[in-house]
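Contents: one structure, followed by commentary.
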Amino acid sequence: MSDGYAGRPVLVGYDDSPGSHQALSWALDAARIRGLPVLVCHALHWPYAFRPVTHEIMAQIEHVALTVVEEGVRRARELAPDVNVLQLLGKGTPAAVILEAGRDAELTVLGSRGQGGFDSLQVGSAAVQVPAHSARPVVIVRPVPPPSSPEVRIVVGLDGSPPSLAAFDFALDEAALRGGTVQALCCWTECGSSAWQDPLPFVDSHALRRGAEARFREVASELARRHPEVPVMTAFVAERPQRALIETAQDATLLVLGSRGNESPACLLLGPVTQTALREARCPVAVVPPAP
C-alpha cells in the first residue's frame, strides 16, 4: 500500500466465533503479503445499564475477555509464525473499540458476524457499523468456502463516485500484492426502466449509454496505469448493480466496493449495493471509504 501507512498493523476483530477465526486467517494472509504486524483486538463490553455488584465479578469478566484475546494471539502465531502478532483488549462496544483501534491500522478485518445475534442473522451489527464509519478500508469475511480456482480475481464496482474510485485503487493494489487480476464492473440502468419511471424528454438514452461506457473505460484505463503489471478487465452491463456484482464475484477472491455509490441517498453512510453485498456476497467484501 502507500508508503504513508508503512508499519501500520492489520487489525482483526476476534471473539473466538467461527467468523472471527476466518477473519483472523484472512488478516494474517493480508499482513504477510504486506510485511506488516497483525493486531488481534477483542472488546470487553458489559451490555447492561447497571454494573456488577462486586469488583470480583467484574474482574472475572475481564479475565475471560483477556483469555479470549490471548487465545486469538496463540491461534495467530500457530497459523503464521512468521507474522508479528500483537494484542489489544479494549473496553466498549465491539464497533466502537474496532473503530478507535482502526484509526491507526492499515486495514481492518472482521467476520460477517460474531458471537451475538441469532442463528439466521446474515451480518452482525459491527460488520455494518465499522465499514459505515471507518476512515480506512474494512474487509468483511463471509462464512463461505474459498474459491475453487487458485487464480486471484478481484471484482470491483466502479460508477465514478469518489468511494468507487478509491475502491478501484484498493483493488488494484490488492491484485498487485497477490499477483492477480482486476475485473471492473459498471452497471447501467436504461431510461424507462423501473429506476427511471418516465423517459427523459429530448434525451437520447443510447447516446447517454455510449458516453457513460466510454468514460467508464477511460477512467479505468487511467487508474490502472499505477500498476501496469496487473491485468484489468472491464465490463459495462445493463443490470442492477446488486445482482450483477454479486453474481460476477461468486468465485472471486475479493469483492471491492466503495462505501456508497452515485445512487445512494445522502443520508446513508453505506449505500444499498454495499449493504446487499455484506449480506449476500459469496466472497470476502472490502468496503473502501473515499480518499481523504
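The values are calculated or read from the model by the stated rules, or taken from the named source; none is laboratory data. From a predicted model like this one, the values you see are computed outputs, not experimental measurements. Because the Cβ atoms are built from the backbone with ideal geometry, glycine has one as well, and the counts that use them run over all protein chains shown.
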Hey, any hits in segment 237-255 for a residue that's surrounded by fewer than 14 Cβ atoms within 10 Å (Cβ to Cβ), modelled with pLDDT under 95 and farther than 20 Å from I140 by Cα?
yes
Could you tell me whether segment 196-206 includes any residue that is more than 30 Å from Q22 (Cα to Cα), modelled with pLDDT under 95 and in a helix (DSSP H, G or I)?
yes
Quick check on my filter: what residues within segment 53-87 are exposed (fewer than 12 other Cβ atoms within 10 Å of the Cβ) and either closer than 12 Å to A27 by Cα or small (G, A, S) (or both)?
A59
Sort out which residues of segment 149-193 are assigned to a loop (DSSP other than H, G, I, E, B) and of a type outside the set (G, A, S), and write them in order of number.
P150, E151, V152, L158, D159, W188, T189, E190, C191
Go through segment 215-265 and give me each residue that's in contact with a Lys or Arg (Cβ under 9 Å, 6 or more places away or on another chain), part of a loop (DSSP other than H, G, I, E, B) and either under 16 Å from L158 (Cα atoms) or free of Cβ contacts under 8 Å to residues at least 40 places away in the same chain (or both).
A238, A249, Q250
Of all residues in segment 23-39 being among the hydrophobic types (A, V, I, L, M, F, W, C) and in contact with a Leu (Cβ under 7 Å, 6 or more places away or on another chain), the one that is surrounded by the fewest Cβ atoms within 10 Å (Cβ to Cβ):
I33
Here is a check on your reading of the model: is L269 in a loop (DSSP other than H, G, I, E, B), assigned by TED's automatic domain parsing to the domain that holds C187 and among the hydrophobic types (A, V, I, L, M, F, W, C)?
yes
